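To keep things clear, I will list the structure first and then write my remarks on it.
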Amino acid sequence: MDEAVSVPVPAGAPSPVRVLVADDEDDIRALVCLAVAKAGCTATTSVADGGAALAHARAGQPDIAVLDVSMPGMTGLDVCTALRADPATAGIRILLLSAGASSDDVARGLAAGADAYLAKPFGIAALVRQVRALSAGQPA
Amino acid sequence: MTTIDPRPAPVRAVRVPRPRAGSPDPRDAELDRLRKENAALLAQERTRADELDVATRMLAARAQTMTSVIDAVTEQSIIGTDRDGVIRVWNPGAEKMLGLPRSEVVRQRSIVDFHLAEELDAQAETCGSAPGLAALVHAAHAHGSDVRDWTYVAADGQQRTVSVAVTPRTDDRGVHAGWNFVGTDMTEARATERMKDQFVSLISHELRTPLTSILGYLELVLEDEQPLTDEQRKYLTTVERNADRLLRLVGDLLFTAQVDAGRFSLEPHDVDLAGVVRAAEETARVAAATAGVRLVVDLPASGLVVPGDAVRLGQACDNLVSNAVKFTPAGGTVTLSLRSAWAAADGTVSAEGRPGASPVAQLAVTDTGMGIPTGEQGKLFTRFFRSSTAQRAAVPGVGLGLAITKAITTAHGGTLDLVSAEGAGTTFTLTLPLAAA
């Protein structure tokens with residue numbers, strides 16, 4: 001199920017921002033990967049469920065994780081909480097994507113330790129802005 | 001009960017000496033008087049006995065009427081208890097709901113036996129009362145009556161969600177004698193409500209996901225570096241506009257469900273209404289130009305700040321303006337006018353401040369459209385209601401906008417009114433309390 005997309009980095013370039021994308025919807029996962037690429041992030045790994053996201057985050061130590069909230073099994077919120085609880089992964093910047101758009105949903109996402117939250121459907125421009133801001137090390 | 005023997009009282013035997021022959025005996029007269037007196041007493045006693053008989057029968061008939069009424073209630077449980085909660089009245093509705101006959105319950109069981117202990121404990125904690133019966137009747141004791149959902153546990157252990165009206169009962173001298181519990185089984189109704197809630201949020205999620213794909217990829221195509229032909233751009237813009245419309249509909253349905261479930265919360269901040277009105281005008285500008293409708297905006301020089309949720313207020317304002325544009329034929333005008341005013345305690349609003357009046361902001365959205373028939377104006381804020389004029393003119397919509405606008409207004413402590421004449425136009429007036437200075 002895992003689908004790793006690695007783009008070779010030209011020698012001498014600054015080390016690229018590594019992004020982990022997790023969404024169970026193939027079309028949306030691809031869309032998020034395109035937006036992440038538009039934001040200038042070239043090293044992206046994408047997975048289709050929460051368990052794989054957590055495993056990849058622990059093994060690969062990405063800079064940014066873009067997680068869908070409603071995934072079967074381990075949800076994006078669960079992954080977020082697990083990453084924050086482990087000192088080895090606590091520093092990963094996390095952007096949550098969710099179809100829940102109420103203020104409760106946002107509050108739950110931020111309480112789980114997310115740095116930013118985007119409601120579906122998100123504009124590509126907005127997603128690109130968020131990823132750029134997170135890769136620059138600032139909350140958007 | 002005292003009983004009265006209707007038989008004639010025995011006449012006392014009076015031993016009288018024999019009178020001498022030939023002379024009238026005075027004892028005969030005395031005897032005659034006594035006989036008459038006796039007959040009168042007897043008659044009086046008979047009348048009283050008859051009266052008592054009638055009264056007894058009337059009372060029995062009345063009790064019979066009450067019992068038969070209570071017994072006829074088979075879909076509601078009627079349970080009466082004494083002050084300690086011991087059951088004294090148990091109607092067929094209670095038998096049916098809780099699965100026990102009257103003979104096994106009356107004077108033997110307590111009302112508390114049929115409640116969920118955890119629920120009573122939780123209620124006791126919430127209202128700070130003693131556990132058990134005290135928790136059950138706490139609100140009814142304080143307010144005279146109380147209606148709320150409780151879980152009844154039937155004889156077979158099955159749980160029912162029951163809306164129970166609790167009232168205190170008094171005896172014929174007005175002394176508190178116990179409690180009445182009239183229950184309606186809401187198990188199915190509540191389950192349906194929950195299912196509707198889950199259904200709406202599932203649908204909302206399931207529709208948002210494909211819409212995310214549609215809108216996202218459209219955005220990529222429309223902003224691609226390779227230019228599209230004008231025709232392609234026009235087609236894709238149409239797709240985008242309709243996907244947006246679908247998205248708004250999903251949002252409106254979800255919002256309506258949240259209002260229903262009481263899960264609609266506002267995030268109040270200071271909101272400048274003038275900015276909200278300007279944004280609504282901007283949003284409606286293209287549609288108005290296309291429809292040949294002139295938009296006029298009249299704003300106060302300084303803004304008007306109300307405490308509120310900027311997103312929701314924007315939605316309310318957008319709804320009013322887009323409605324006005326939709327219902328106005330080409331050549332017409334839609335006017336958005338915002339002003340500060342004073343609302344008196346009786347709800348009347350005037351431009352001048354008066355003692356006791358509080359400052360409000362008033363937004364009037366006036367159109368020169370087809371108007372709303374007088375008979376339909378009261379139903380206008382009802383969900384899914386569409387006016388006959390809207391249907392005749394085939395104006396698109398599902399009838400959620402005004403219901404949502406009304407809910408948002410109410411949540412802000414404001415009012416939404418309308419004045420309309422068929423064929424002449426409509427004015428919606430949104431009145432909101434201003435931020436305390």
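Residues in region B:177-196: is at least one assigned to a helix (DSSP H, G or I) and within 14 Å of chain A (Cβ to nearest Cβ)?
Step one: list which residues in region B:177-196 are assigned to a helix (DSSP H, G or I), which gives B:187-196.
Applying the additional criterion that residues be within 14 Å of chain A (Cβ to nearest Cβ) yields none.
Scanning region B:177-196 turns up no residue that is assigned to a helix (DSSP H, G or I) and within 14 Å of chain A (Cβ to nearest Cβ).
Run down B:107, B:102, B:35 and say which single residue is open to solvent by 100 Å² or more (accessible area, probe 1.4 Å) and in the same structural domain as residue B:179 (by TED's automatic domain parsing).
Result: B:107 is the single residue among B:107, B:102, B:35 that is open to solvent by 100 Å² or more (accessible area, probe 1.4 Å) and in the same structural domain as residue B:179 (by TED's automatic domain parsing).
Would you mention how many residues in region A:102-135 are among the small types (Gly, Ala, Ser) and within 14 Å of chain B (Cβ to nearest Cβ)?
Number satisfying all stated conditions: 7.
Take residue B:208 and tell me if it is within 14 Å of chain A (Cβ to nearest Cβ), charged (D, E, K, R) and within 35 Å of the chain's Cα centre (by Cα).
Yes.
Could you tell me which of the residues B:401, B:378 is surrounded by fewer than 19 Cβ atoms within 10 Å (Cβ to Cβ), at pLDDT below 90 and of a type in the set (Gly, Ala, Ser)?
None of the other options fit; the residue is B:378.
What number of residues within region A:29-81 are touching a Ser or Thr at 6+ places or on another chain (Cβ under 6 Å), open to solvent by less than 20 Å² (accessible area, probe 1.4 Å) and within 11 Å of another protein chain (Cβ to nearest Cβ)?
1
For the list (1) part of a helix (DSSP H, G or I); (2) within 14 Å of chain B (Cβ to nearest Cβ), I need the number of the one condition that residue A:84 fails.
(2)
So, in region B:281-301, how many residues would count as being touching a strand residue (DSSP E or B) at 6+ places or on another chain (Cβ under 9 Å) and not in a strand (DSSP E or B)? Outline the logic, then answer.
Filtering region B:281-301 down to residues touching a strand residue (DSSP E or B) at 6+ places or on another chain (Cβ under 9 Å) leaves B:281, B:284-285, B:288-289, B:293-300.
Adding the requirement that they be not in a strand (DSSP E or B) leaves B:281, B:284-285, B:288-289, B:293, B:299-300.
Number satisfying all stated conditions: 8.
Which of the residues spanning region A:88-105 are modelled with pLDDT of 90 or more and either basic (Lys, Arg) or part of a strand (DSSP E or B) (or both)?
Listed by number, the residues that qualify are A:93, A:94, A:95, A:96, A:97.
Looking at (1) open to solvent by less than 40 Å² (accessible area, probe 1.4 Å); (2) over 21 Å from residue B:268 (Cβ atoms), which is the one condition that is false for residue B:342?
So residue B:342 meets the others, but not (1).
Scan region B:249-267 for residues that are at pLDDT 80 or above and loosely packed, with under 15 Cβ neighbours inside 10 Å and jot them down.
B:249
Failed condition for residue B:301, given (1) modelled with pLDDT of 85 or more; (2) away from chain A (no Cβ under 14 Å), with all others met?
The number of the failed condition is (1).
Taking residue B:277 and the conditions (1) more than 14 Å from every other protein chain (Cβ to nearest Cβ); (2) surrounded by fewer than 21 Cβ atoms within 10 Å (Cβ to Cβ), which numbered condition does it fall short on, given that it satisfies the others?
So residue B:277 meets the others, but not (2).
The values are calculated or read from the model by the stated rules, or taken from the named source; none is laboratory data. These figures come from a predicted structure and were not determined experimentally. Here Cβ is always computed from backbone atoms with ideal geometry, including for glycine, and neighbour counts include all displayed protein chains. Side chains included, ligands, DNA and RNA excluded: accessible areas come from the protein's heavy atoms. Shrake-Rupley method; radii C 1.70, N 1.55, O 1.52, S 1.80 Å.
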